[in-house]
Ligand SMILES: [Zn+2]
């Protein structure tokens, strides 16, 4: 198997996609065009080596098409970060070649990045299933970006053209309604991109995986298969969504009081089953949480679910009903701190309290990284006396992704020349790659890629051919601020080792005019050392550093600051064995002592506003 840039000894070269403008009409450019004219390039910008922010470019000659543009949610150590996006620089650079985007389905890790992408580029067209396009319409309306593309719904087996690419949408089954796998016909052969899939032979919405359609396309011969790797560590088959019904129904039969149930808002078919169970058991439903309300409204408008108006009641009226006639359907399946379920569990919800006799059903599993938050929510619910039904064995949730036997079926249907496992952490990609070899793919034709890698394919051979700019953008909640990765590191330091602030002012000869003024926040001191004593020692140390400084270290406020920063960092390591965030405010005054109140905030603010792109490789 061929691995991407991180597996190599030397960093991969940054690939020059464009002929030098200076020679755009010269022989080099001609040679470049001839070369790109027969080479297909696959460039993942997100979704490889991770679950999230799936974004992929497929390039041939002068044309680039995209498959999905998603976002990811931050890991717990990304303090204060709300969303994570792929670095979109490469796509911005290639604006003139972008022919459009094909959306596989409406999950946030596949469409959530589109509004951000449209701030950087315009796209001639976005094709996708009706549900995803419905969600996108709302997103683009809200962010005033509707003019920057043309949203177009597609039907199963519909074929559309984007530059030299023809894309056919094949119905597949997944945990959100209206999902597609893609058949991408390129000048050198057929690419199958599975999208997120499982083979659900008894789908609750009756929309079966169009295996015949897929197989017919595969008869043309598949040059490359890009397949979902999420569950490659799980043997067998993923159970059908329908299997959830039995367990859900049992829980409804046994519940004597209220039922509080949480699932992914996007899992329209699951929500549909909850509503059906409520109707069957003569219960009314209150829906809580913005995303749950949005999804329910759009899914109903588009005809993905039907229910009578009188099934729903407002949360204000729920307490007037007997407990055994109530279902509360809520967000919070991932233990998100601000979600309704988390607030109910922590007794912080204004309108609802959880009580003994309530049954809480967690109809979801934690996305990797959320295990702790989910466990905390379950603990809090149990403390308040609720019966909580959760976990894989409870049968109230099934995955939306294919297990190994289904992945094998996909490989056998497609029989690809080249195989590129996608949608998974690195070990999953490797595991899926091995599975492909077991299924008969030549090991030399299996490519384990990472975000930013460029894979070049011809009909004869494939090779990893360098990288493009890639990495992450960190987004603050109001979605207009990009967070510098340095800021996240500072927050981690603050959380781990606290803050030391030190202010000092010196004259042009290096004589101390005022300070050092020191304050400590959250700094852990050696046992038996009072804070006052440490502050005195630190003040003395800072005085000593200035007194012993070389004249060139005192020429400006900046050099004084750098000097203190360097020496005191060592001092903390020596005295505290820790590395608190150190903020030094230094002033060099020639007149009276300046106000040295610790207002280094200007510096902070400058940094917060800076949009930063973290370059990898
Ligand atoms: Zn998905």
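We did not get these values from a lab; they are worked out from the coordinates using the rules stated. Bear in mind that the values here come from a model prediction, so they are computed numbers and not experimental data. Methodologically, a virtual Cβ is constructed for each residue, glycine included, from the backbone with ideal geometry; neighbour enumeration extends over all protein chains shown.
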So how do 162, 587, 449 line up by other beta-carbon neighbours within 10 Å, fewest first? 587, 162, 449
Let me see the P(r) profile for the stretch 186-284: every Cα-Cα distance counted, bins of 5 Å, each bin given as a percent of all pairs. 2, 10, 16, 17, 15, 12, 9, 7, 5, 3, 2, 1, 0
What number do you get for the stretch 252-292 when its Cα radius of gyration is normalised by 2.2 N^0.38 Å, N = residues? 1.16
Take the Cβ-Cβ distance between residue 234 and residue 158 as r, set R0 to 30 Å, and report the resulting FRET efficiency rounded to the nearest 0.05. 0.40
Tell me, how many Å apart are the Cα centres for the stretch 282-327 and for the stretch 49-76? 35 Å
Using alpha carbons only, how many degrees (0 to 90, rounded to 10) separate the axis of helix 371-383 from the longest principal axis of the chain? 80 degrees
Diagonalise the Cα gyration tensor of the stretch 406-527 and give the resulting equivalent ellipsoid semi-axes, square root of 5 times each eigenvalue, largest first, whole Å. 55, 18, 14
Got a sec? How would 511, 272 order by Cβ neighbour count within 10 Å, fewest to most? 511, 272
Using the beta-carbon distance between residue 531 and residue 485 and R0 = 45 Å, what value does 1/(1 + (r/R0)^6) give for FRET efficiency, to the nearest 0.05? 0.90
Under a plain spin-label model, where a point goes 7 Å from the Cα along Cα-to-Cβ, how far apart in nm are residue 375 and residue 444? 4.8 nm
May I have the convex hull volume per residue, in Å³, for the Cα set of the stretch 118-191? 101 Å³
Using the alpha-carbon centroid of each, what span in Å lies between the stretch 139-164 and the stretch 547-570? 57 Å
Consider just the alpha-carbon atoms of the chain and return their Rg together with their Dmax, both in angstrom. 28.6, 85
The chain: antiparallel DSSP beta bridges as a percent of all, rounded to 5: 50 percent
Let a ≥ b ≥ c be the square roots of the eigenvalues of the Cα gyration tensor of the stretch 243-394; is it rounded (a/c under 1.5), or, if not, prolate (a/b larger than b/c) or oblate? rounded
10 Å binning of all Cα-Cα separations within the stretch 504-573, expressed as whole percents from 0 upward: 19, 52, 23, 6
Against the longest principal axis of the chain, how steep is helix 531-547, in degrees 0 to 90 to the nearest 10, with axes from Cα atoms? 70 degrees
What whole-number volume per residue, in cubic angstrom, does the convex hull of the C-alpha atoms of the stretch 352-455 give? 136 Å³
For the stretch 256-292, list residues with backbone N below 11 Å from a point placed 7 Å from the Cα of residue 351 toward its Cβ? 286-289
What ranking do 467, 569, 559 get, fewest neighbouring Cβ atoms within 10 angstrom at the top? 569, 559, 467
Would you give the gap between the C-alpha center of the stretch 344-371 and the C-alpha center of the stretch 261-276, rounded to a whole Å? 16 Å
In degrees rounded to 10, the 0-90 angle between helix 290-301 Cα long axis and the longest Cα principal axis of the chain is 20 degrees
For the stretch 319-368, one quarter of the surface area of the C-alpha convex hull, expressed in nm², comes to 4.0 nm²
